[in-house]
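Chemist: Have a look at this one.
The values are calculated or read from the model by the stated rules, or taken from the named source; none is laboratory data. In this text, all values refer to a predicted model and were calculated from it rather than measured experimentally. Glycine also receives a Cβ, built like all others from the backbone with ideal geometry; neighbour counts cover every protein chain displayed. Remember, those area values only see protein heavy atoms, side chains included, never the ligands or the DNA or RNA. Shrake-Rupley method; radii C 1.70, N 1.55, O 1.52, S 1.80 Å.
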Amino acid sequence: MTLLRTLLGLARLAAGAVRRALGPVLAVVSPLGWIVLLVALASALSAWLFGWSEFLYLGLTLAAGLVVASFFLIGHASFRVEIELSPRRVVAGERAFGRLLVTNIGARRSSGPRLELPVGRGEADFSVPPLAPGAEHEELFAVPTARRAVITAGPALSVRGDQLGLLRRRVRFADPVELFVHPKTTLLAPSQSGLVRDLEGAVTSTLTNSDLEFHALRPYEPGDDQRYVHWRASARVGQLMVRQFQETRRSELVLTQLVDAAGYAGVGAGSATELDDGSNAEFELAVSVMASVGAQVLREKTRARVVTETLELRTATVTTLLDDSCRLEPTAGVGSSPREFIRDVLSRMPPPSVLVVVTGSRTPIGELRAIEAVVGSDTRLIGLRVVLDGEPRISQVSRFHLLTIGELGDLPKLLRRVS
């Protein structure tokens, strides 16, 4: 058994070495090239077995085609390729352009390469003319920005090969560059996001031994801080009395968006809520609502966490928040109910002043009500329910202020009424 294991180990090492050695060579053969090679071998085998000269001629012709194609792979690319996008951040629907700059850094005149540049889900092909040493060639291209997304341009690939596409050798140039297509947002007036409007903190009903908001006096107990002893009251009643305070907390908002695909109408259904580019209009509206509220909260310098089941968005600046919002997609089977998701989020932080939940039209109202069981009574609950082209309205569902939003322009008016 030991000898067998040793032999198997040596065989794996040999196979790995062969794979590493032949991998770059085999990678240049295209699917069409493999078909031609197999047909050539089959023709040669048929000619040997049956003595048919026609198969021999066919096999030799195909083999010669592969040999001729291999000459097109010869050559060394001495280029510097740069990819630029301007601007790097746009709002969905705005125009963005790219620039591909090719420079010959070799000592001799270059042959005209063909460059492939992946841009998002598409690919652009550029034919570069022969360049003298140090010469540059520029290509401009438009970037599709119809929908919110992170669009990656690059890497640029220099392609050498025959015209039939039997053999192709690709050389990578330049690193990919990202373009952030931000969701459409609407401006909200200050303090319209449902926040507690305070500078020093929001007073709660929780009593504490040290804070800013004085509440009452109580008898001294071992371990109390002597700084809070009220000496005048102690002298009057004949025993030590200490101050007691109401706890204050700085305003903090938790903004969550439910990304479970089941909560949004028309996801993957090809219905009227699906846009021409395949994205879901109701989900896109929900992202715009979330981004609008989050951006306003950050502009007001209020501490906030913005969380979905699949991603916690960065909130250092408005720009980082909008950048991360470009990565959100409706996800099937996120694995937890809204209640469990909110419980998990709140278990890792102090109780927030306000909890905002953004969801779609297919999320049952009962699931929103179930969230109340895991949220403290001091936290204000606001639900932003997106119903595409629905009638805007405000309703009270137990502790939830439930806002129904039919279009992005409804958001400022509804939040103004809630505030």
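Chemist: Six or more apart or on different chains, Cβ under 7 Å: which pairs go from a residue in the stretch 30-45 that's touching a residue at least 24 places away in the same chain (Cβ under 8 Å) and over 10 Å from Gly59 (Cα atoms) to one that's outside any helix (DSSP H, G or I) and among the small types (Gly, Ala, Ser)? Could you list them?
Modeler: Ser30/Gly165; Leu32/Gly165
Chemist: Right, another one. Answer yes or no as to whether Leu62 is at pLDDT 85 or above, in a helix (DSSP H, G or I), surrounded by fewer than 16 Cβ atoms within 10 Å (Cβ to Cβ) and not aromatic (Phe, Trp, Tyr).
Modeler: Criteria not met by Leu62.
Chemist: Here's another thing I want to ask about it. How many of the residues in the stretch 88-117 are surrounded by 12 or more Cβ atoms within 10 Å (Cβ to Cβ) and of a type in the set (Lys, Arg)?
Modeler: Looking only at that region, the number is 4.
Chemist: While we're looking at this one, here's another question. Tell me which residues, restricted to the stretch 77-104, are part of a loop (DSSP other than H, G, I, E, B) and in contact (Cβ under 8 Å) with a residue 24 or more places away in the chain.
Modeler: Once the filter is applied, which keeps residues that are part of a loop (DSSP other than H, G, I, E, B) and in contact (Cβ under 8 Å) with a residue 24 or more places away in the chain, the stretch 77-104 yields Ala77, Ser78, Arg88, Ala92, Gly93, Glu94, Arg95.
Chemist: Right, something else. Select from the stretch 152-165 the residues that are of a type outside the set (Gly, Ala, Ser) and touching a Lys or Arg at 6+ places or on another chain (Cβ under 9 Å) and list them in ascending order.
Modeler: Pro155, Leu157, Val159, Arg160, Asp162, listed by residue number.
Let's see how each residue does on (1) hydrophobic (A, V, I, L, M, F, W, C); (2) without any contact (Cβ under 8 Å) to a residue 40 or more places away in the chain; (3) in contact with a Lys or Arg (Cβ under 7 Å, 6 or more places away or on another chain); (4) part of a loop (DSSP other than H, G, I, E, B):
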residue: Leu321; (1), (2), (3), (4): yes, yes, yes, no
residue: Glu329; (1), (2), (3), (4): no, no, no, yes
residue: Arg343; (1), (2), (3), (4): no, yes, no, no
residue: Val358; (1), (2), (3), (4): yes, no, no, no
residue: Gly366; (1), (2), (3), (4): no, yes, no, no
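Yes or no, residue by residue, for (1) open to solvent by 60 Å² or more (accessible area, probe 1.4 Å); (2) farther than 18 Å from Ala291 by Cα; (3) touching a residue at least 12 places away in the same chain (Cβ under 8 Å):
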| position | (1), (2), (3) |
| --- | --- |
| Glu123 | yes, yes, no |
| Ala146 | yes, no, yes |
| Gly161 | no, yes, yes |
| Arg168 | yes, yes, yes |
| Arg172 | yes, yes, yes |
| Asp175 | yes, yes, yes |
| Thr185 | yes, no, yes |
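Chemist: Hey, does the stretch 202-223 have a residue that's open to solvent by 20 Å² or more (accessible area, probe 1.4 Å), touching a Pro at 6+ places or on another chain (Cβ under 7 Å) and either modelled with pLDDT under 85 or not aliphatic (A, V, I, L, M) (or both)?
Modeler: No: zero hits.
Chemist: May I pose another question? Pick from Arg299, Arg348, Arg314: which is modelled with pLDDT of 90 or more and open to solvent by 60 Å² or more (accessible area, probe 1.4 Å)?
Modeler: Unique residue meeting the criteria: Arg314.
Chemist: May I pose another question? Please pick out the residue among Leu384, Leu408 that is closer than 17 Å to Thr359 by Cα and assigned to a loop (DSSP other than H, G, I, E, B).
Modeler: Only one candidate qualifies: Leu408.
Chemist: I'd like the full set of residues that are charged (D, E, K, R) and closer than 30 Å to Leu32 by Cα, limited to the stretch 140-184.
Modeler: Once the filter is applied, which keeps residues that are charged (D, E, K, R) and closer than 30 Å to Leu32 by Cα, the stretch 140-184 yields Arg160, Asp162, Arg168, Arg169, Arg170, Arg172, Asp175.
Chemist: Same structure, new question: Which one of these is assigned to a loop (DSSP other than H, G, I, E, B), within 13 Å of Ser78 (Cβ to Cβ) and either small (Gly, Ala, Ser) or over 28 Å from the mean Cα position of the chain (by Cα) (or both): Ser110, Ser158?
Modeler: Every option except Ser110 fails the conditions.
Chemist: Looking at the stretch 173-189, can you tell me whether even one residue there is more than 20 Å from Leu328 (Cβ to Cβ) and assigned to a strand (DSSP E or B)?
Modeler: Yes, because at least one residue in the stretch 173-189 is more than 20 Å from Leu328 (Cβ to Cβ) and assigned to a strand (DSSP E or B).
To keep it simple, each residue is scored yes or no on (1) surrounded by 19 or more Cβ atoms within 10 Å (Cβ to Cβ); (2) at negative phi; (3) charged (D, E, K, R).
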| position | (1), (2), (3) |
| --- | --- |
| Gly335 | no, no, no |
| Phe341 | yes, yes, no |
| Glu367 | no, yes, yes |
| Val374 | no, yes, no |
| Glu391 | no, yes, yes |
| His401 | yes, yes, no |
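Chemist: From the set of residues in the stretch 67-87 that are at pLDDT 85 or above, surrounded by 15 or more Cβ atoms within 10 Å (Cβ to Cβ) and among the aliphatic types (A, V, I, L, M), which is farthest from the chain's Cα centre (by Cα)?
Modeler: So, considering only residues that are at pLDDT 85 or above, surrounded by 15 or more Cβ atoms within 10 Å (Cβ to Cβ) and among the aliphatic types (A, V, I, L, M), the one farthest from the chain's Cα centre (by Cα) is Val81.
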